[in-house]
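A.B. asks: Here's a structure for you.
The values are calculated or read from the model by the stated rules, or taken from the named source; none is laboratory data. All values reported here derive from a predicted model rather than from experimental measurement. Here Cβ is always computed from backbone atoms with ideal geometry, including for glycine, and neighbour counts include all displayed protein chains.
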Amino acid sequence: MKLLLLAGLLILVLCIGPLLNLFNGEVRMDQDWRSANRDSSGLAPDPSDHPEAIVQVYGARAFGWRGAFAVHTWVAIKPEHASDYTVHEVIGWYARHGGDTIVSHASAPDRHWYGQRARVLADLRGAAAAAVIPKIQALIETYPYNDRYVMWPGPNSNTFTAYIGRRVPELRLDLPTTAIGKDYLAGDDWLVPTTAGHGRQFSLFGLFGFSLANHGVEFNLLSLNFGLNFNPFALRIPGKWITPLW
């Protein structure tokens with residue numbers, strides 16, 4: 001009985017963040033996906049004013065109740081002197097009909113995700129961005145789950161973004177706890193570099209593990225992540241973006 005009570009208390013603590021999201025209005029439940037906002041958030045550099053190569057990673061809360069727990073993430077690329085960005089992301093419903101999960105299309109990279117405003121998670125420009133674009137394009141071609149999508153614990157859209165982040169440490173991609181699926185590792189891997197580089201991550205099927213890097217420490221229980229950022233000093237709790245302590 002005590003073990004059941006402790007397990008119930010732990011689950012309640014891990015779900016405080018998502019529950020707050022539902023009650024404080026951060027996640028809207030009254031939207032129709034067909035009419036939800038998909039406009040630019042005004043965050044991406046205008047290609048006409050920024051001819052240099054640009055690579056950015058964005059995230060926005062998932063649609064509906066899932067947004068209380070998780071975000072959807074994607075990668076945007078603009079080669080030098082290109083007039084448009086190409087967005088690369090995993091869309092789950094394509095897999096249901098036997099198609100590829102990775103979708104690559106010319107689009108505003110900072111668009112709202114069905115009513116949820118996007119955030120910049122990584123930003124690389126100039127020669128550094130130009131150097132990693134071929135590497136990212138090759139990784140898109142070799143992503144091992146292009147025919148498979150599982151909302152929890154993965155592989156999903158965040159698994160794809162994390163797959164790129166681990167292999168392109170130049171991005172310094174520190175995915176938030178809300179990027180559920182980021183801990184689902186490809187193949188038989190169980191000990192890998194962190195997505196932000198300069199650290200290591202242990203994970204069992206995306207359901208249990210931990211990571212330690214120069215930016216902080218994070219623990220994973222059933223894909224609900226919690227931990228502490230060192231610089232800036234901040235909490236990492238389920239359902240929330242990184243929360244500074246002061």
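A.B. asks: When both residues are 6+ apart or on different chains and their Cβ atoms are under 8 Å apart, which pairs have a first residue that lies in the range 65-78 and is touching a residue at least 24 places away in the same chain (Cβ under 8 Å) and surrounded by 24 or more Cβ atoms within 10 Å (Cβ to Cβ), and a second that is of a type in the set (Asp, Glu) and in a strand (DSSP E or B)?
C.D. replies: HIS72/GLU89; THR73/GLU89; TRP74/GLU89; VAL75/GLU89
A.B. asks: Something else: Just checking, how many residues over the range 179-196 are part of a loop (DSSP other than H, G, I, E, B) and either in contact with a His (Cβ under 7 Å, 6 or more places away or on another chain) or not hydrophobic (A, V, I, L, M, F, W, C) (or both)?
C.D. replies: Of the residues in that region, 10 qualify.
A.B. asks: Identify, from the list VAL132, VAL120, the residue that is of a type outside the set (Ser, Thr, Tyr) and under 15 Å from the mean Cα position of the chain (by Cα).
C.D. replies: Answer to the selection: VAL120.
A.B. asks: So which residues in the range 120-167 are in a loop (DSSP other than H, G, I, E, B) and either free of Cβ contacts under 8 Å to residues at least 12 places away in the same chain or surrounded by fewer than 23 Cβ atoms within 10 Å (Cβ to Cβ) (or both), if there are any at all?
C.D. replies: TYR143, PRO144, TYR145, ASN146, ASP147, ARG148, TYR149, VAL150, MET151, TRP152, PRO153 - these are the residues of the range 120-167 that are in a loop (DSSP other than H, G, I, E, B) and either free of Cβ contacts under 8 Å to residues at least 12 places away in the same chain or surrounded by fewer than 23 Cβ atoms within 10 Å (Cβ to Cβ) (or both).
A.B. asks: What's the total number of residues in the range 85-119 that are exposed (fewer than 14 other Cβ atoms within 10 Å of the Cβ), part of a loop (DSSP other than H, G, I, E, B) and among the charged types (D, E, K, R)?
C.D. replies: 1
A.B. asks: Please indicate, with yes or no, whether at least one residue in the range 188-210 is touching a helix residue (DSSP H, G or I) at 6+ places or on another chain (Cβ under 6 Å), of a type outside the set (Gly, Ala, Ser) and within 21 Å of LEU14 (Cβ to Cβ).
C.D. replies: Looking through the range 188-210, none of the residues is touching a helix residue (DSSP H, G or I) at 6+ places or on another chain (Cβ under 6 Å), of a type outside the set (Gly, Ala, Ser) and within 21 Å of LEU14 (Cβ to Cβ).
A.B. asks: Please verify whether LEU173 is part of a strand (DSSP E or B), touching a residue at least 40 places away in the same chain (Cβ under 8 Å) and touching a strand residue (DSSP E or B) at 6+ places or on another chain (Cβ under 6 Å), treating the condition exactly as stated.
C.D. replies: For LEU173, the condition - part of a strand (DSSP E or B), touching a residue at least 40 places away in the same chain (Cβ under 8 Å) and touching a strand residue (DSSP E or B) at 6+ places or on another chain (Cβ under 6 Å) - is not met.
A.B. asks: Surrounded by 22 or more Cβ atoms within 10 Å (Cβ to Cβ), in contact with a Ser or Thr (Cβ under 6 Å, 6 or more places away or on another chain) and β-branched (Val, Ile, Thr): does that describe ILE180?
C.D. replies: yes
A.B. asks: Can you run down the residue pairs with Cβ atoms below 6 Å, 6 or more apart or on separate chains, where the first is in the range 5-34 and closer than 19 Å to THR177 by Cα and of a type in the set (Val, Ile, Thr) and the partner is surrounded by 10 or more Cβ atoms within 10 Å (Cβ to Cβ) and modelled with pLDDT of 75 or more?
C.D. replies: These pairs meet every condition: VAL27/ASN21; VAL27/GLY67; VAL27/ALA68.
A.B. asks: Examine the range 54-62 for a residue that is outside any strand (DSSP E or B) and within 14 Å of SER157 (Cα to Cα), and state whether such a residue exists.
C.D. replies: Yes - at least one qualifying residue is present in the range 54-62.
A.B. asks: Further, regarding this structure: Just to be sure I understand the filter: pairs with C-beta atoms under 7 Å, separated by 6 or more residues or on different chains, first member in the range 220-246 and assigned to a loop (DSSP other than H, G, I, E, B) and aromatic (Phe, Trp, Tyr), second member modelled with pLDDT of 85 or more and surrounded by 18 or more Cβ atoms within 10 Å (Cβ to Cβ). Which pairs pass?
C.D. replies: PHE230/GLY216; TRP241/PRO176; TRP241/THR178
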